[in-house]
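Notes follow the structure.
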Amino acid sequence: GAIRQDDANKTPKYNRPTITFPSELPQAVTDFLVKDRGIDPEVLTSDIIGFSPARKKIMFVYRRDGEIVNLRYRDRAKNYSQEENCLQILWDEDKITKDCILALYEGEPDKLVGQMCHPDLVHCSVPNGSNSYQFLKNCEKALELPAKIILAGDMDEPGRKMVEELTRRIGKDRCFKV
């Protein structure tokens with residue numbers, strides 16, 4: 001539908017999820033991430049990752065200026081879901097600083113692995129894999145800060161398309177492909 005003129009300049013309203021979760025991941029989740037996925041426990045910090053007992057899924061905590069703005073959930077079978085009508089931003093966006101080198105991943109687990117391998121870079125993940133680019137409008141200011149952006153999509157067709165589309169939208173002069 002068309003946007004009414006009086007609504008065109010209004011800031012959209014988003015839901016803000018509220019959560020309470022234990023500071024430590026359940027042992028089964030830690031075992032899955034550490035033993036099965038090879039992720040260093042040092043990067044599994046409670047400010048960005050938790051567990052939802054109600055959903056029985058890993059919970060990725062999306063924050064802006066320290067406030068929780070979205071939650072994305074994943075189970076062992078790679079079934080994803082997230083809170084409805086929440087702000088779409090980069091996962092771990094608050095770490096982006098002026099002139100940093102940003103590594104931007106297609107998925108949250110990939111971001112965690114990248115963080116382990118190259119701790120000197122800033123690592124973020126897109127909120128919906130290669131499925132949507134809605135987040136770009138919400139992240140314009142954050143994406144203006146890095147001096148370079150390394151795009152790390154999966155090597156499948158959706159991952160390649162994501163890298164190409166982000167390069168086109170962000171700018172070839174600042175984007176580098178893995």
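The values are calculated or read from the model by the stated rules, or taken from the named source; none is laboratory data. Treat the numbers as computed from the prediction; the structure is a model and nothing was measured. FYI the Cβ positions are ideal-geometry reconstructions off the backbone, even for glycines, and counts take in every protein chain you see. Ligands, DNA and RNA are stripped out before the accessible areas are found, and what is left, the full protein with its side chains, is counted by its heavy atoms. Shrake-Rupley method; radii C 1.70, N 1.55, O 1.52, S 1.80 Å.
Checking the conditions here, which among 116, 155 is out of contact with any Pro (no Cβ under 6 Å at 6 or more places or on another chain) and over 26 Å from residue 46 (Cα atoms)? Walk me through it before giving the result.
Working: 116 fails: over 26 Å from residue 46 (Cα atoms).
One residue alone meets the criteria, 155.
Please determine, by comparing only the residues of the range 128-165 that are farther than 24 Å from residue 83 by Cβ and among the aliphatic types (A, V, I, L, M), which one is most open to solvent (accessible area, probe 1.4 Å). Filtering the range 128-165 for residues that are farther than 24 Å from residue 83 by Cβ and among the aliphatic types (A, V, I, L, M), the one most open to solvent (accessible area, probe 1.4 Å) comes out as 155. Filtered by the rule that a residue be over 15 Å from the mean Cα position of the chain (by Cα) and modelled with pLDDT of 90 or more, the range 37-50 gives 38, 39, 40, 41, 42.
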